[in-house]
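Below is one structure, written out as structure tokens; comments come after it.
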Protein chains: 2
Amino acid sequence: MIRIIHSISELQKWSMDQKKQGKTVGLVPTMGFLHAGHLSLIDAARAGGADSVVVSVFVNPTQFGPTEDFDQYPRDFEHDRRLCEERGADVIFAPAVSDMYAAPVTCWVEETEISKGLCGRTRPIHFRGVATVVTKLFNAALPDLAVFGQKDAQQAAVIKRMVRDLNFPVRIIVAPIVREEDGLALSSRNKYLSKDEHDRALSISRSLFAAKKALESGIRKDALAETGIIRKALEEAGGVVDYVEVLDPDSMMPLTDGSVRPALFAVAVRFGSTRLIDNLRVERA
Amino acid sequence: MIRIIHSISELQKWSMDQKKQGKTVGLVPTMGFLHAGHLSLIDAARAGGADSVVVSVFVNPTQFGPTEDFDQYPRDFEHDRRLCEERGADVIFAPAVSDMYAAPVTCWVEETEISKGLCGRTRPIHFRGVATVVTKLFNAALPDLAVFGQKDAQQAAVIKRMVRDLNFPVRIIVAPIVREEDGLALSSRNKYLSKDEHDRALSISRSLFAAKKALESGIRKDALAETGIIRKALEEAGGVVDYVEVLDPDSMMPLTDGSVRPALFAVAVRFGSTRLIDNLRVERA
């Protein structure tokens with residue numbers, strides 16, 4: 001039986017015990033409602049050298065804006081517990097909101113550069129909430145390594161910057177996006193999509209992979225122009241585009257010209273009331 | 001010979017080794033130019049249960065404003081090394097600025113309530129720099145406990161709030177103010193004072209202790225009125241007052257009436273070009 005830990009101090013004690021036994025601790029932070037993408041992060045933690053893996057399941061209120069879907073965010077702890085156990089995680093850390101936020105937070109961790117573009121423009125408090133809760137999770141789980149998904153590319157970049165700037169003794173592993181067979185990037189929010197919306201949302205991965213193919217094959221050469229082509233494809237499928245951008249994959253700063261060396265295409269788009277994000281790396285053009 | 005460590009990763013390794021040996025690690029963060037106040041923090045770390053004590057000596061640029069005394073701040077590493085060794089510290093952590101800030105910081109730790117009054121009003125980036133560098137020092141030294149001086153009462157309160165909100169597994173000990181025989185609170189900045197300024201600065205501790213005596217003995221009863229009496233004494237001694245306030249010692253929020261239950265009087269005042277702070281707790285009135 002997988003061990004379920006609810007209290008921060010109990011998790012700290014568990015982690016320190018692991019280390020005293022010479023074991024490397026890996027953390028997989030999630031908001032639950034787990035899918036194959038999350039489960040691949042458990043595998044990545046093992047592959048990265050974690051002897052003991054803790055999956056945190058916590059829908060973090062401080063990263064949702066007042067009009068966002070915190071209350072509606074899907075939750076199914078028994079489902080999550082079963083999947084984590086099957087995949088061989090050692091511990092689920094499932095704190096109550098009232099324990100993680102026993103008093104109103106007045107001390108925040110805030111990244112001020114990478115977090116400002118892309119999703120940060122429409123979700124102004126989101127990455128402050130993410131950086132703060134990940135700091136709390138790091139201080140609770142005391143991991144040697146932590147795994148984040150490339151699906152949330154901006155989040156992964158913010159966390160890497162946080163670890164660099166604040167000297168957390170944590171190695172960050174970014175695991176590749178897991179997609180459905182039809183190409184849609186896995187997301188807990190996919191469950192919101194109707195069948196029709198799901199079909200139209202396939203325009204995201206199709207347009208991203210088409211851009212990659214066009215640029216890498218040399219059929220087209222201008223990465224900036226490619227963002228317009230992607231945007232058009234999304235809009236033709238009925239999507240309401242938040243952004244289509246092409247970035248330096250390391251700095252996450254927008255490319256200022258169209259040359260690829262390499263580049264990351266990043267998309268956020270709504271189909272119906274569901275906001276989806278995706279991204280794809282292009283190696284050369 | 002006391003061990004000198006310059007690199008963050010070496011300190012992390014040292015600390016983890018201590019813990020593997022079952023030893024409790026205590027951190028004493030300082031900006032160097034050590035005096036008896038700092039040395040009392042080493043004693044407090046031992047008394048608090050630290051088997052191994054690391055004193056960090058780092059003049060942190062990010063907590064100084066552009067017009068403040070970062071460049072002029074007194075430094076004397078050989079003096080600090082000798083005092084730490086005599087007092088029985090195990091390690092001095094003395095990183096270079098270029099190692100602590102290898103790249104421009106874009107991720108900050110910021111307390112948004114306690115840090116805004118008192119010194120935060122005239123030093124708007126100070127406590128953001130303090131909280132960020134203490135986070136970095138915690139992540140470098142991985143201490144079980146850390147000791148701060150009551151002299152910097154607002155700093156100690158900000159750090160305690162940071163530890164609470166971000167779940168650092170670090171016990172915070174606040175050690176009492178150490179004073180010269182004449183009452184002046186020890187500070188590395190006291191060396192800036194001329195003999196005359198030093199004499200006039202004695203008005204700080206004299207007026208604070210007079211307020212404490214008047215309130216605790218029942219001669220006077222109104223803590224708010226007492227701040228006016230302190231301010232007058234400082235100005236009569238030629239001080240330029242930044243603030244004289246009376247606060248709830250736990251929340252560090254200003255008292256809204258004059259009753260003491262208990263209360264903390266806090267002062268910041270310039271004599272010549274030297275800004276001094278002091279504070280005193282009054283138990284009852």
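The values are calculated or read from the model by the stated rules, or taken from the named source; none is laboratory data. Here the structure is a predicted model, which means the values were calculated and not measured. FYI the Cβ positions are ideal-geometry reconstructions off the backbone, even for glycines, and counts take in every protein chain you see. Areas reflect the complete protein model, heavy atoms only, side chains present, ligands, DNA and RNA absent. Shrake-Rupley method; radii C 1.70, N 1.55, O 1.52, S 1.80 Å.
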For this session: Go through (1) touching a strand residue (DSSP E or B) at 6+ places or on another chain (Cβ under 7 Å); (2) surrounded by fewer than 17 Cβ atoms within 10 Å (Cβ to Cβ) and name the single condition B:Asp199 misses.
Result: (1)
Seminar exercise, completed: Conditions (1) in contact with a strand residue (DSSP E or B) (Cβ under 6 Å, 6 or more places away or on another chain); (2) open to solvent by 60 Å² or more (accessible area, probe 1.4 Å) -> A:Lys191 fails only (1)
Exercise. Within region A:150-165, which residues are buried (at least 22 other Cβ atoms within 10 Å of the Cβ) and more than 17 Å from A:His126 (Cα to Cα)?
Worked result: A:Asp165
Problem set entry | Considering residues of region B:252-280 that are of a type outside the set (A, V, I, L, M) and free of Cβ contacts under 8 Å to residues at least 40 places away in the same chain only, the residue nearest to B:Arg231 (Cα to Cα) | B:Arg270
For this session: All but one of (1) of a type in the set (Asp, Glu); (2) under 26 Å from A:Met162 (Cβ atoms); (3) out of contact with any Phe, Trp or Tyr (no Cβ under 8 Å at 6 or more places or on another chain) hold for B:Glu111, so report the exception by its number.
Result: (3)
For this session: Identify the single condition in (1) open to solvent by 40 Å² or more (accessible area, probe 1.4 Å); (2) part of a helix (DSSP H, G or I); (3) within 14 Å of another protein chain (Cβ to nearest Cβ) that B:Ser15 does not satisfy, given that it satisfies every other one.
Result: (1)
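This table checks each residue for (1) assigned to a helix (DSSP H, G or I); (2) touching a Phe, Trp or Tyr at 6+ places or on another chain (Cβ under 9 Å); (3) away from chain B (no Cβ under 11 Å).
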position	(1), (2), (3)
A:Ile92	no, yes, yes
A:Pro95	no, yes, no
A:Val105	no, no, no
A:Val134	yes, yes, no
A:Phe138	yes, yes, no
Exercise. Somewhere in region B:188-210, is a residue part of a loop (DSSP other than H, G, I, E, B) and either of a type in the set (Ser, Thr, Tyr) or touching a residue at least 24 places away in the same chain (Cβ under 8 Å) (or both)?
Worked result: yes
Problem set entry | Those residues of region B:107-127 which are of a type in the set (S, T, N, Q) and either crowded, with 21+ Cβ neighbours inside 10 Å or within 14 Å of chain A (Cβ to nearest Cβ) (or both), in sequence order | B:Thr112, B:Ser115
For this session: Report yes if some residue within region A:226-238 is more than 24 Å from A:Val59 (Cβ to Cβ), loosely packed, with under 15 Cβ neighbours inside 10 Å, more than 14 Å from chain B (Cβ to nearest Cβ) and touching a Lys or Arg at 6+ places or on another chain (Cβ under 7 Å); otherwise report no.
Result: no
For this session: With the condition kept exactly as written, say whether any residue in region B:41-50 is under 26 Å from B:Ala153 (Cβ atoms), touching a Pro at 6+ places or on another chain (Cβ under 8 Å), at pLDDT 95 or above and not hydrophobic (A, V, I, L, M, F, W, C).
Result: no
Problem set entry | Top-ranked residue of region A:140-194 - restricted to ones that are over 12 Å from the mean Cα position of the chain (by Cα), more than 19 Å from A:Gly48 (Cα to Cα) and small (Gly, Ala, Ser), ranked as farthest from the other protein chains (Cβ to nearest Cβ) | A:Ser194
Problem set entry | Selected residue (criterion: most open to solvent (accessible area, probe 1.4 Å)) from residues of region B:57-98 that are under 17 Å from the mean Cα position of the chain (by Cα) and among the hydrophobic types (A, V, I, L, M, F, W, C) | B:Phe70
